[in-house]
Amino acid sequence: MRFTINGNDYFELVTVANVGGSGVVSQMWIKGSKTNWMVMSRNWGASWQSNAYLNGQSLSFKVQTDDGRVVMADNVAPSNWWFGGTYTSWQQF
């Protein structure tokens, strides 16, 4: 899976691509290295948003597909991630 992070300091807009299995993402969560898991809301299509300040933290994602399967991609984006960057996880459905 690939995660492209856009937004600004208090708004992460994450587009997820290359999702295996059914390929239909029904829910996403985000976690900074200093936070607990936070539910993201669908912004549009494959873009999911969170309203948190996560700068300077490595980021993990949980992705759920429409068939109920969940995959966790730990520490996909390093603590020096940037807006506009794309990060790849080898975790897959």
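The requirement of being surrounded by fewer than 14 Cβ atoms within 10 Å (Cβ to Cβ) and among the polar types (S, T, N, Q) is not satisfied by Ser60.
From the residues in region 36-57 that are of a type in the set (Phe, Trp, Tyr) and closer than 11 Å to Glu12 by Cβ, which one is surrounded by the fewest Cβ atoms within 10 Å (Cβ to Cβ)? Across region 36-57, the extreme among qualifying residues is Tyr53. Within region 43-53, is even one residue more than 11 Å from the chain's Cα centre (by Cα) and of a type in the set (A, V, I, L, M, F, W, C)? Yes, region 43-53 contains a residue that is more than 11 Å from the chain's Cα centre (by Cα) and of a type in the set (A, V, I, L, M, F, W, C).
May I ask you to list the residues in region 1-52 that are among the polar types (S, T, N, Q) and not in a loop (DSSP other than H, G, I, E, B)?
The answer is Thr4, Asn6, Asn8, Thr15, Ser26, Gln27, Ser41, Asn43, Ser47, Gln49, Ser50.
Residue-by-condition table, conditions (1) among the aliphatic types (A, V, I, L, M); (2) in a strand (DSSP E or B); (3) free of Cβ contacts under 8 Å to residues at least 40 places away in the same chain; (4) out of contact with any Gly (no Cβ under 8 Å at 6 or more places or on another chain):
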position: Gln57; (1), (2), (3), (4): no, no, yes, no
position: Gln64; (1), (2), (3), (4): no, yes, yes, yes
position: Asp74; (1), (2), (3), (4): no, yes, yes, yes
position: Trp81; (1), (2), (3), (4): no, no, no, yes
position: Gly84; (1), (2), (3), (4): no, no, no, yes
position: Gln92; (1), (2), (3), (4): no, no, no, no
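Residues of region 48-87 that are among the hydroxyl-bearing types (Ser, Thr, Tyr) and modelled with pLDDT of 95 or more: Ser50, Tyr53, Ser58, Ser60, Ser79, Thr86, Tyr87.
The values are calculated or read from the model by the stated rules, or taken from the named source; none is laboratory data. If you're wondering where the values come from, they're calculated on a predicted model, not measured in any experiment. Cβ coordinates were reconstructed from backbone atoms using ideal geometry, including for glycine residues, and neighbour counts include every protein chain displayed.
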